[in-house]
Structure formats: C-alpha cells, structure tokens
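Participant: Dumping the structure here so I can ask a few things about it.
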Amino acid sequence: GAGVSQSPRYKVAKRGQDVALRCDPISGHVSLFWYQQALGQGPEFLTYFQNEAQLDKSGLPSDRFFAERPEGSVSTLKIQRTQQEDSAVYLCASSYEELPGNTIYFGEGSWLTVV
Amino acid sequence: AQTVTQSQPEMSVQEAETVTLSCTYDTSENNYYLFWYKQPPSRQMILVIRQEAYKQQNATENRFSVNFQKAAKSFSLKISDSQLGDTAMYFCAFMKQMNAGNMLTFGGGTRLMVKP
C-alpha cells in the first residue's frame, strides 16, 4: 500500500475487555514498530519486529500487552483486560531496513478509549 | 538511556514570521541521529528534518532548518516564513545507532500555533 495503514482508527472498550489493533506496514518493509502516545505526551516505544521476529519488547508496559507479526507483514497489538490507563493512541511505524537512521514511516494511529 | 526534553509546551507565531523550537537531549552515544516530526490533528507523524550527529553542517529543508550544537546537546528547529499549515504538534526525537531496530525516543512535544 501507499502508506502504513492502521485499524480500527477509533475504538471504545469497556474496562476489562480485550482489544486487537491491526497494522499493515508499507509493502516490503522489514522493520515494524509500535508506539503508545498518551494524551499530551510524546510517543513511547512499545515493541519492534524485524520480519516475523520480535527482537525488542522492552517497552510493553505489562503482560496484558502482546504483539505478533506471524508472516512478517501485518502486525497485531493485543491488549487483554483493558484498563483506563491504556487509553492512548497506538502508533505503528515501519521502515525498509534496519540501517541506522533509515526513514521510519508512521500510520495515523488507533485511538483507544477505555471507559 | 537517552532522554529528550522540549521545554516549550506551546508556542505561537504570526504568519510569515520566524519561530524557533528548542530541544535538548542527553546521551552517552557519539554517533546518532536527530529528527523533528510534525503531528497534525490526524496524529500521523510526518518527518520534517533529520540530522546525522557526525555531520557538522546543519540540515535544511526548504523553510525548515536546524541549529545542531553537539557539545551542548542541543537541536533546535527554525521555521521561516511560517504558514497556517505549520500549525501542529512538533516532536524532537533521538535515534541511536543499533544493530537491530532503530527505536526513536521522543520529547514531550511543542504545540505550535500560527496566527493569521
């Protein structure tokens, strides 16, 4: 596709509900990142994939957060038993290679509100 | 760990004027990359400009330029001839050279409003 595509764009979840956020990176992009952006703050790193391998998940805030990219293209970020503090915009980004300084392209994010 | 600080939560400028957004960072790395991203209400992060730390020359992209002071760990963004479309959140970001995964560390952002 032309850019990084994320769905759903908006999600309202009841506390305790499980949610799944999808990211479709730019075709051929090897690297894929998830970031969490709380209201009024800068994005914070969650996890990184190189193809299907999850090489860094140090930013995942708890074991309720799980990400996968089984075929090295589309990725899903799953949040179990959502809590109010999970309310944020979840940004997905991809880049062609892992070369230092390679341009990273961002999607428009999935807005999650937990009520 | 790297930290990025943007000390100006909000800035405003008159259309056609020049504005400078500040950014400082802390790192023990010698080679790294610095970025300014623009985030309009759509929330998509748009790359404005990037700077490689090993380059002494300041990067420029049309109306956007940076003042990179490596010793002071400062990386400010200057927007010349401000336009209404420049109204957005601006984030400074740091990327260290890594073998796997070029993670960005973002500052807290500066909200820029361009007034007609």
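The values are calculated or read from the model by the stated rules, or taken from the named source; none is laboratory data. Computed from a prediction, not measured in an experiment: that's the story for all the values here. Glycine also receives a Cβ, built like all others from the backbone with ideal geometry; neighbour counts cover every protein chain displayed. With ligands, DNA and RNA removed, areas are computed over all heavy atoms of the protein, side chains included. Shrake-Rupley method; radii C 1.70, N 1.55, O 1.52, S 1.80 Å.
Participant: Run the numbers on chain B and let me know its relative contact order in percent, using alpha-carbon pairs under 8 Å that are six or more apart. Present the calculation step by step, with values, prior to reporting the outcome.
Facilitator: Values: 284 pairs, mean separation 43.2, N = 116.
Value for chain B: 37 percent.
Participant: In a GNM of chain B with a 10 Å cut-off on Cα contacts, which of B:71, B:93, B:59 has the highest mean-square fluctuation?
Facilitator: Between B:71, B:93, B:59, it is B:71 that shows the largest mean-square fluctuation.
Participant: Using amide H atoms built 1.01 Å from N in the peptide plane, name the residues 5+ places from residue B:49, or on other chains, whose amide H lies under 5 Å from its own.
Facilitator: Counting only residues 5 or more places away or on other chains, the set is B:36.
Participant: May I pose another question? Summing both sides, how much accessible area is buried between A and B? Use a 1.4 Å probe and give Å² to the nearest 100. Provide the component values of the computation, followed by the final result.
Facilitator: On the way: alone 6460 and 6650 Å², together 11120 Å².
For A against B, buried area totals roughly 2000 Å².
Participant: Of the candidates A:12, A:30, A:89, which one comes out as most mobile in a Gaussian network treatment of chain A with C-alpha springs shorter than 10 Å?
Facilitator: Between A:12, A:30, A:89, it is A:12 that shows the largest mean-square fluctuation.
Participant: Choose one of A:8, A:31, A:55: the residue whose Cα lies farthest towards the positive end of the charge dipole of chain A (beta-carbon charges +1 Lys, Arg; -1 Asp, Glu; about the Cα centre).
Facilitator: Value computed over the given set: A:8.
Participant: Quick one: putting +1 on the C-beta of Lys and Arg, -1 on the C-beta of Asp and Glu, what dipole do you get for region B:10-115 around its Cα centre, in Debye to the nearest 20?
Facilitator: Details: 11 positive and 9 negative charges, 36 e Å.
Computed charge dipole of region B:10-115: roughly 180 debye.
Participant: A follow-up question, please. Write down the accessible area per residue of chain B in Å², having rolled a 1.4 Å probe over the full set of protein chains.
Facilitator: Details: 5650 Å² over 116 residues.
With the other protein chains kept in place, chain B gives 49 Å² per residue.
Participant: Which of B:78, B:38, B:55 moves the most in a Gaussian network model of chain B with Cα springs under 10 Å?
Facilitator: B:55
Participant: Could you work out what % of the accessible surface of chain A is carbon and sulfur, using a 1.4 angstrom probe and leaving DNA, RNA and ligands out of the count? Each step should come with its number before you reach the end.
Facilitator: Working: 2590 of 5470 Å².
Of all accessible area on chain A, carbon and sulfur atoms account for 47 percent.
Participant: Now for a separate question. Return the loop-located trypsin sites (Lys or Arg not before Pro) in region A:29-106 (DSSP other than H, G, I, E, B) with at most 12 other Cβ atoms within 10 Å of their own Cβ; answer none if there are none.
Facilitator: On the way: sites: A:57, A:64, A:78, A:81; in loops: A:57, A:64, A:81.
Sites meeting the loop and neighbour criteria: A:81.
Participant: Here's another thing I want to ask about it. For region A:26-40, just list the computed ³J(HN,Hα) in residue order, Karplus coefficients 6.51, -1.76 and 1.60, θ = phi - 60°, integers in Hz, with x standing in for Gly and Pro.
Facilitator: Per-residue couplings from phi come out as 5, 4, x, 6, 7, 8, 9, 10, 10, 10, 10, 10, 6, 4, x Hz.
Participant: Further question on the same structure: Based on the Cα coordinates of region A:5-106, what is the per residue volume of their convex hull in Å³? Walk me through the intermediate numbers first.
Facilitator: Working: hull volume 9.9 nm³, N = 102.
Cα convex hull per residue, to the nearest whole number: 97 Å³.
Participant: Could you give the dipole magnitude of the protein assembly as shown about its Cα centre, charging the beta-carbon of Lys and Arg +1 and that of Asp and Glu -1, in debye to the nearest 20?
Facilitator: Working: 21 positive and 22 negative charges, 77 e Å.
About 360 debye.
Participant: Tell me the carbon and sulfur percent of the accessible area for chain B, rounded to whole percent, probe radius 1.4 Å.
Facilitator: On the way: 2520 of 5650 Å².
Carbon with sulfur: 45 percent of the solvent-accessible area.
Participant: Dipole of region A:5-106, Cα-centred, from +1 at each Lys and Arg C-beta and -1 at each Asp and Glu C-beta, to the nearest 20 debye?
Facilitator: On the way: 10 positive and 12 negative charges, 108 e Å.
Charge dipole, region A:5-106, about its Cα centre: 520 debye, nearest 20.
Participant: Return the lysines within reach of residue B:73: Cα separation strictly under 19 angstrom, same-chain partners fewer than 8 residues apart disregarded; answer none if there are no such residues.
Facilitator: Here the lysines satisfying the reach criterion relative to residue B:73 are B:55, B:96.
Participant: Still on this model: Spelling out what I want: for every residue of region A:47-57, take phi, set θ = phi - 60°, compute 6.51 cos²θ - 1.76 cosθ + 1.60 (Karplus), and round to whole Hz; glycine and proline get x.
Facilitator: Taking θ as phi minus 60°, the curve returns 7, 9, 10, 10, 6, 8, 8, 8, 8, 8, 10 Hz for region A:47-57.
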